[in-house]
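This report refers to the structure that appears directly beneath it.
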Amino acid sequence: MTMTATGAIGCGAGVASTPDGSTGGGTVSIQSISGIAGVDIPGGPACGLALVGVFTGSAQPVDPPPSRLSFLGSPGTAFVALSPALHQAFFVGDGLTGNGSGELQRFTVPIGATTLWLGFQDGQNYTALPGYYADNTGSVSVSVGAGGLGGAPLYGGTPIDVISRNGRVTDGGCTAGFAVRRVTTGALYMVTAGHCRDLLNRLGRASGTANPVDIYPAGDRTTAYASIVTCGGSSAECLTTSRKPSDMMAWAPDSAVPTTQVLAGDRYLPVWGTRTPVSGDRVCWTGRGTGHEACAVIAGNSAKDRANRALLRAVRGPGYVMIRGDKIIHGDSGSLVYMYGGAGVYAVGLAVIGSPNEYSAMVPIRTVEDYLGVSVLTASA
């Protein structure tokens, strides 16, 4: 969704400010209360209150509140997209990446939300409990729309169908992995397995014939997530790599907003960041093929592990990380491989290769970021 706000708000003897608040060098950090997390935003030192929002659900918020969001530092209030959690206050401002100018900012509605509350943080010295609203003046008008990329949230772990314009469907499709931001442009993408790209080629474009491809939610032909005409090279709609391992791609949705949440088992959890697992670490994924959460451990240095790793390298080349346990199966390709941490997960890789035995393989997350020129979109970004 998008929000655009105009107007001004004042407090006491302070100068009234736009919905973006003040850039006077101060900070507004009102305390969390009654299950609602406060938020750290620029403001003050004399008034300069910014418009903030919070989503709530059908249940009454209770302590402890979720973690606080901070909009100090970089990118601060100039973010392009934001995925706040329920009961987690967030900066809205004027709804643009700049103060009165710039790109429309996109806000993903969290699962379970029923109400959006808009208002201002105020309190004694801008650091106490909420209060001191009696001297506020002015008004703000807010318009809410689907906006941006269409407003529909796109979560990691979503099953997808790849369909050519001639109506042919890829065999079993793939799974949308995780959201990333292109380093050079800031544009948002979804990562999946590179051999989904190869399937596109087999649908006609390998011969040089123009055959645009659409990516849909599995089994749903209502609205395509993306339409791809060109993949690789200078294309902005589909990023690929020729470096080994090359089994990764990132596509730019044009009717949905990639979120910082991923399907982990039967629930959506935020992606806090990335991790580099070591031998013996337990990792998991939730893919289209398995239809549930599957888990394995990073293979070690046993004779059997070494033999299977050598076979993988001979057949597919270097750069993959081997895992042992539940198998990556057809349809899981592209799933985010994650490790649990706190109330969320950490991205560790991309599920790409299964095998007849208990071994599978993933592309490490650092390789995905480096080769595609992207960074994982995280809940703290």
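Throughout, read-outs are computed from the coordinates displayed, never taken from laboratory work. Computed from a predicted structure; not experimentally measured. Cβ placement follows ideal geometry from the backbone for every residue including glycine, while neighbour counts extend to all protein chains displayed.
Points to keep in mind about this one:
- 3J(HN,Hα) along the stretch 345-356, derived from phi through the Karplus expression 6.51 cos²θ - 1.76 cosθ + 1.60 where θ = phi - 60°, amounts to 10, 10, 6, 10, x, 10, 6, 9, 10, x, 7, x Hz, with x in place of Gly and Pro.
- Residues 234, 355, arranged from fewest to most other Cβ atoms within 10 angstrom of their Cβ, appear as 234, 355.
- Within the stretch 1-148: Cβ-based charge dipole about Cα centre, in debye rounded to nearest 20 (Lys, Arg +1; Asp, Glu -1): 180 debye
- Per-peptide average of other Cβ atoms within 10 Å, ordering 246-252, 123-129 highest first: 246-252, 123-129
- Net charge dipole size for the chain [Lys, Arg +1 and Asp, Glu -1 on Cβ; Debye, nearest 20]: 1400 debye
- In the chain, helical runs assigned H by DSSP with n ≥ 4 each contribute -39500 (n - 2.57); averaged across all residues and rounded to the nearest 500, the mean residue ellipticity at 222 nm is -2500 deg cm²/dmol.
- Label-point separation in nm, residue 313 to residue 185, each point 7 Å along Cα→Cβ: 3.7 nm
- Per-pair calculated FRET efficiency, R0 = 35 Å: residue 134 and residue 292 via Cβ, rounded to 0.05: 0.05
- Ordering 260, 222 by the number of other Cβ atoms within 10 Å of each residue's own Cβ, fewest first, gives 222, 260.
- Lys, Arg +1 and Asp, Glu -1 on Cβ, resulting dipole of the stretch 263-376 about Cα centre, debye, nearest 20: 300 debye
- This ranking places 55, 178 by how few other beta-carbon atoms lie within 10 Å of each, fewest first, which gives 55, 178.
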